[in-house]
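As structure tokens, the structure follows; a few thoughts come after it.
The values are calculated or read from the model by the stated rules, or taken from the named source; none is laboratory data. As the structure is a prediction and not an experimental result, all values here were calculated from the model. We place every Cβ from the backbone using ideal geometry, glycine too, and count neighbours over all the protein chains shown. Just the protein is used for accessible areas: all its heavy atoms, side chains included, with ligands, DNA and RNA removed. Shrake-Rupley method; radii C 1.70, N 1.55, O 1.52, S 1.80 Å.
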Amino acid sequence: EEKQGLTNEKAAMAEAKQGLENEKAKLAEEKQGLTNEKAAMAEAKQGLENEKAKLAEEQGALDRRSLEFKREKEAFEKEKAKEKEDLQQAMRSRYNALPQAQKQANNRALLEAVQKGQLEEVKRLLLEAGADSNA
């Protein structure tokens, strides 16, 4: 009976040992899963950092292009203003070169156009007389 008790105890201990080994294997499997998950997260983090660097580079390129466009626009507007001023000066010079009689005739034509409400004719006469093209 004592021998049977020892055999049962030995069997129970072997069963407990097997349970511990199964638990150890299960924990090792969970640890491997966590290690794999950690590696996947590190890889995802690296991917995000690469994307962030790429976006920063693209933003820098956009900023440079925006500045370049702003400079081009300013240069264009400056050139346009210069051309407008040159044209107005040329028109004034041309008008000033007209004989007095021609100036008086132009002024009469302008007065008539204003009185008749002929806006396009008024603009044409003003431009011809060398006035500001926005008049």
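Which of (1) modelled with pLDDT of 95 or more; (2) more than 30 Å from Lys123 (Cβ to Cβ) is the odd one out, the single condition Phe76 does not satisfy?
Here Phe76 meets the rest and fails (2).
Does the range 85-100 hold any residues that are touching a Ser or Thr at 6+ places or on another chain (Cβ under 9 Å) and open to solvent by 80 Å² or more (accessible area, probe 1.4 Å), and which are they?
Leu87
How about the range 70-109: which of its residues are aromatic (Phe, Trp, Tyr) and out of contact with any helix residue (DSSP H, G or I) (no Cβ under 7 Å at 6 or more places or on another chain)?
Phe76
Could you identify the single residue in Leu87, Leu6 that is among the aliphatic types (A, V, I, L, M), within 30 Å of Arg124 (Cβ to Cβ) and out of contact with any Gly (no Cβ under 7 Å at 6 or more places or on another chain)?
Residue meeting the stated conditions: Leu87.
Please state which one of Lys70, Lys103, Lys123 is surrounded by 10 or more Cβ atoms within 10 Å (Cβ to Cβ), under 32 Å from the mean Cα position of the chain (by Cα) and assigned to a helix (DSSP H, G or I).
The unique qualifying residue is Lys70.
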